[in-house]
Amino acid sequence: MSANQQVVLVTGTSTGFGRLIALTLARKQFTVFATMRDVQGRNAPPARELQDLARRESLSLHVVDLDVTDDASVNRCVAEAIAKAGRIDVLVNNAGVAFMGITESFTLDQAHRIFETNFFGPFRMIRAVLPHMHRQRGGLLLQVSSGAGRIVLPGMGLYCATKHALEALTEALHYELASSGIDCVVIQPGAYPTEIFVKIESGAEAARTAPYGEAARMPGMIDELLKKSTSDPQEIPDAVLRIIETQAGKRELRARVGQGAGGVEAINAFAAQVQEQLLQAFGLAELTKFRAGKAAGA
């Protein structure tokens with residue numbers, strides 16, 4: 001690894017945005033750790049495909065087993081990346097799952113599971129890499145959220161709840177880490193035709209939808225519209241690359257990308273004004289300003 005080559009760890013790279021992000025960055029000369037669950041089992045084919053591409057194109061791309069819902073797996077993955085590359089400059093929290101259905105039809109177990117992947121997973125990863133970024137005095141934490149992290153669709157209540165929580169976590173860390181020279185930002189994709197639509201899970205207690213009558217059709221209506229998207233998923237890795245290449249401390253907290261609810265940008269802009277007023281009122285504005293460390297610039 002050259003002195004200027006940044007090291008990026010990407011979660012959820014077996015398919016979709018994660019795979020595209022890993023390949024896009026590796027082809028731009030980043031050292032990439034492409035992570036996914038069960039690389040020796042069900043994800044062996046996509047893992048081998050990435051490894052074969054890395055060999056054919058001479059990419060600095062390493063496939064590593066990672067389950068973001070397991071503490072030991074997270075710690076092993078981060079330790080392996082540090083052992084091989086010596087640092088982690090960028091963490092891209094991309095791994096996620098989608099649920100679609102009347103909210104009441106989901107069990108508490110299902111609710112726990114989606115939060116484990118979509119919220120606690122990124123939090124585990126952030127906690128695992130932050131000690132290294134603090135030592136480096138710089139880094140970038142980038143969460144792949146959704147327009148659904150700002151608006152709410154009936155039939156996607158639990159999914160929206162996880163993304164709203166991820167947005168709040170990212171914003172809190174954005175303020176708290178700024179004086180340490182570490183950026184924490186979020187990207188909000190619109191609707192894209194990726195494999196997540198194939199893997200959508202429905203509520204386990206379908207009988208609970210009976211009292212809803214015609215309203216029980218809402219999840220199916222939303223699903224049908226989302227699947228009609230013709231947007232190019234490559235827009236997301238391109239946006240990730242732009243964010244990484246933006247000077248540390250100059251990155252916007254939120255980046256909305258792609259088609260979808262047109263009001264997301266307006267919500268972001270208004271919320272930013274309210275937050276600035278809040279920070280000023282509590283005397284926190286100066287403490288939340290970015291200060292580059294000696295090794296910052298990821």
- Going by the structure shown, is Gly101 in contact (Cβ under 8 Å) with a residue 24 or more places away in the chain, under 26 Å from Met156 (Cβ atoms), within 22 Å of the chain's Cα centre (by Cα) and surrounded by 13 or more Cβ atoms within 10 Å (Cβ to Cβ)? no
- Item | Top-ranked residue of region 254-298 - restricted to ones that are surrounded by fewer than 15 Cβ atoms within 10 Å (Cβ to Cβ) and in contact with a Lys or Arg (Cβ under 6 Å, 6 or more places away or on another chain), ranked as modelled with the lowest pLDDT | Lys294
- Message: Let me spell it out: the conditions are (1) among the small types (Gly, Ala, Ser); (2) free of Cβ contacts under 8 Å to residues at least 24 places away in the same chain; (3) surrounded by 13 or more Cβ atoms within 10 Å (Cβ to Cβ), and Ala111 meets all of them except one. Which number is the exception?
- Response: (2)
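I'd like to know if region 65-82 contains one or more residues that are in contact with a Cys (Cβ under 8 Å, 6 or more places away or on another chain) and surrounded by fewer than 21 Cβ atoms within 10 Å (Cβ to Cβ).
First, pick out the residues of region 65-82 that are in contact with a Cys (Cβ under 8 Å, 6 or more places away or on another chain): 65-66.
Of the ones still in play, those that are also surrounded by fewer than 21 Cβ atoms within 10 Å (Cβ to Cβ) are 65.
Yes; the residues of region 65-82 include at least one that is in contact with a Cys (Cβ under 8 Å, 6 or more places away or on another chain) and surrounded by fewer than 21 Cβ atoms within 10 Å (Cβ to Cβ).
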- Query: What about Leu173, is it touching a strand residue (DSSP E or B) at 6+ places or on another chain (Cβ under 7 Å), under 28 Å from Ala216 (Cβ atoms), of a type in the set (A, V, I, L, M, F, W, C) and in a helix (DSSP H, G or I)?
  - Reply: no
- Item | Selection from region 103-150 of residues that are assigned to a loop (DSSP other than H, G, I, E, B), farther than 25 Å from Ile267 by Cβ and of a type outside the set (S, T, N, Q) | Phe106, Arg137, Gly138
- Quick one: in region 208-233, of everything that is within 30 Å of Val8 (Cβ to Cβ) and surrounded by 13 or more Cβ atoms within 10 Å (Cβ to Cβ), which residue is nearest to the chain's Cα centre (by Cα)? Pro233
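The values are calculated or read from the model by the stated rules, or taken from the named source; none is laboratory data. This structure is a prediction, so every number in the text was calculated from the model and none was measured. Neighbour counts are summed over all protein chains in view; Cβ atoms, including those assigned to glycine, are modelled from backbone coordinates with ideal geometry.
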